[in-house]
1. Cα atoms only, the chain: Rg and Dmax in Å?
2. Sequence gap at least 6, Cα distance under 8 Å: using those rules, report the relative contact order of the chain to the nearest whole percent.
3. Rounded if a/c is under 1.5, else prolate if a/b is larger than b/c, else oblate: which is the stretch 48-92, with a ≥ b ≥ c the root eigenvalues of its Cα gyration tensor?
4. Counting heavy atoms of the protein chains only and a 1.4 Å probe, report the per residue accessible area for the chain as a whole number of Å².
5. Is the stretch 16-61 rounded, prolate or oblate when judged by the Cα gyration tensor, a ≥ b ≥ c being the square roots of its eigenvalues, rounded requiring a/c under 1.5 and prolate requiring a/b larger than b/c?
6. About the Cα centre of the chain, how large is the charge dipole given +1 on each Lys and Arg Cβ and -1 on each Asp and Glu Cβ? Please answer in debye to the nearest 20.
7. Taking amide H positions as placed in the peptide plane 1.01 Å from N, state which residues far from HIS69 in sequence (5 or more) or on other chains have amide H under 5 Å from it.
8. Taking the Cα atoms only, what angle lies between the long axis of helix 23-42 and the longest principal axis of the chain, rounded to 10 degrees?
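The values are calculated or read from the model by the stated rules, or taken from the named source; none is laboratory data. Quick caveat: nothing in here was measured; it's all calculated off a predicted structure. Please note: Cβ atoms are built from the backbone with ideal geometry, for glycine as well, and neighbour counts cover all protein chains shown. Accessible surface is based on the protein model in full, side chains and every heavy atom, while ligands, DNA and RNA are left aside. Shrake-Rupley method; radii C 1.70, N 1.55, O 1.52, S 1.80 Å.
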Amino acid sequence: MVQAVLNAGKVPIVPTIPWARTADVQNCGPGLNAKIQQLYASYPQVVHGPDLWGYFSTYQSLISGDDLHPSAAGYVAYRQQWADAMVANVYG
C-alpha cells in the first residue's frame, strides 16, 4: 500500500497499531508494529504517525470497557496524538 501511495505522488502517513487489552491485539499487535517499523526503514518517505501502541499502553485507562476501543476521553487523546505527530513530523 505504501508503494501504491508513493506511485500516486502522495505521501503515506503510517501510525503504529493502537494498544488494546484484547487477546488478539496483544498477540498480533507487536508483530504488526514490527512490520510498521520495517516500513519506516524501507520507505523513508513515510511520515510517522503517532505511536498509538506506546501511548495507550501507558494510558490504559483511556481504553473503554470493551477492552478494544478508546473511551470518550481516549478518543480525545487519540486525536491529540495525531495532531502532535503531524506538528512534529510534518510541520515541525
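1. When restricted to Cα atoms, the chain yields Rg and Dmax of 14.0, 41 Å.
2. Numbers: 103 pairs, mean separation 26.9, N = 92.
In percent, rounded to a whole number, it is 29.
3. Judged from the Cα gyration tensor, the stretch 48-92 comes out prolate (a/c at least 1.5, a/b above b/c).
4. On the way: 5700 Å² over 92 residues.
The answer is 62 Å² per residue.
5. oblate
6. The dipole magnitude comes to about 220 debye.
7. SER64
8. 20 degrees
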